[in-house]
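Have a look at the structure below, then the notes.
The values are calculated or read from the model by the stated rules, or taken from the named source; none is laboratory data. In this text, all values refer to a predicted model and were calculated from it rather than measured experimentally. Please note: Cβ atoms are built from the backbone with ideal geometry, for glycine as well, and neighbour counts cover all protein chains shown.
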Amino acid sequence: MRRENEEDLTTRIIYKQIQLLNKHLAVEKVEFLKIINEKRPKIMLRDGSIHIFKKDELRFIDEILPEDMKKMLRLPIYLEISPDRFGSGVARVCGRAEAYLIAKILDREPHNDEIFVYKPELRIIRKKLPTTTQYMFA
């Protein structure tokens, strides 16, 4: 019984630590087509602060995505980090439009609703999309 309580406590502590690591994430993702037309595109974060998207970055996305994908894209794009599940230095991006965009930027063929991005590629993505991507820890 004591071991089960210790494991339960450890699980709760780890869960709380992951929540703290993710407090910079959006309260709610926003539709790309809605935000691209805003004068000052921004979202509210879980920690209560505001995150502003760069207009030139939104225009860059607008140039890459086909119209049907623009309707599906929700921002920010999460780069999901989970070393236990994906391995060290690997991130997963989920969503058809999101995976398509990332694949196009990396000059890879999009073929699924998710894409795995490796450490050198993460630098490329973050350089091209610094305000529209965020790391998410799982």
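Residue-by-condition table, conditions (1) over 23 Å from F32 (Cβ atoms); (2) out of contact with any strand residue (DSSP E or B) (no Cβ under 8 Å at 6 or more places or on another chain); (3) assigned to a helix (DSSP H, G or I); (4) without any contact (Cβ under 8 Å) to a residue 24 or more places away in the chain:
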{"site": "E80", "(1), (2), (3), (4)": "no, no, no, no"}
{"site": "D84", "(1), (2), (3), (4)": "yes, yes, yes, yes"}
{"site": "S88", "(1), (2), (3), (4)": "yes, yes, no, yes"}
{"site": "A91", "(1), (2), (3), (4)": "no, no, no, no"}
{"site": "L101", "(1), (2), (3), (4)": "no, no, yes, no"}
{"site": "K104", "(1), (2), (3), (4)": "no, yes, yes, no"}
{"site": "P110", "(1), (2), (3), (4)": "no, yes, no, yes"}
{"site": "F116", "(1), (2), (3), (4)": "no, no, no, no"}
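Provide a single number: the residues in region 55-90 that are closer than 15 Å to D113 by Cα, among the charged types (D, E, K, R) and buried (at least 17 other Cβ atoms within 10 Å of the Cβ).
3
Are any residues in region 118-138 in contact with a strand residue (DSSP E or B) (Cβ under 7 Å, 6 or more places away or on another chain) and charged (D, E, K, R), and if so, which ones?
Scanning region 118-138 gives a single hit, R126.
Pull up region 57-76, narrow it to residues that are of a type in the set (D, E) and either under 17 Å from L129 (Cα atoms) or assigned to a loop (DSSP other than H, G, I, E, B) (or both), then point me to the one that is nearest to the chain's Cα centre (by Cα).
That would be E57.
Taking the condition in contact with a helix residue (DSSP H, G or I) (Cβ under 6 Å, 6 or more places away or on another chain) and at pLDDT 95 or above, does M69 pass?
Answer is yes for this residue.
If you check E114, E28, E121, which single one turns out to be within 20 Å of A138 (Cα to Cα) and buried (at least 18 other Cβ atoms within 10 Å of the Cβ)?
It is E121.
Write out, first by first residue and then by second, each pair whose Cβ atoms fall under 9 Å of each other, whose residues are 6+ apart or on separate chains, and whose first residue, in region 31-45, is within 16 Å of A97 (Cα to Cα) while the second is assigned to a helix (DSSP H, G or I) and of a type in the set (F, W, Y).
Close Cβ pairs (under 9 Å, with a partner that is assigned to a helix (DSSP H, G or I) and of a type in the set (F, W, Y)) do not exist here.
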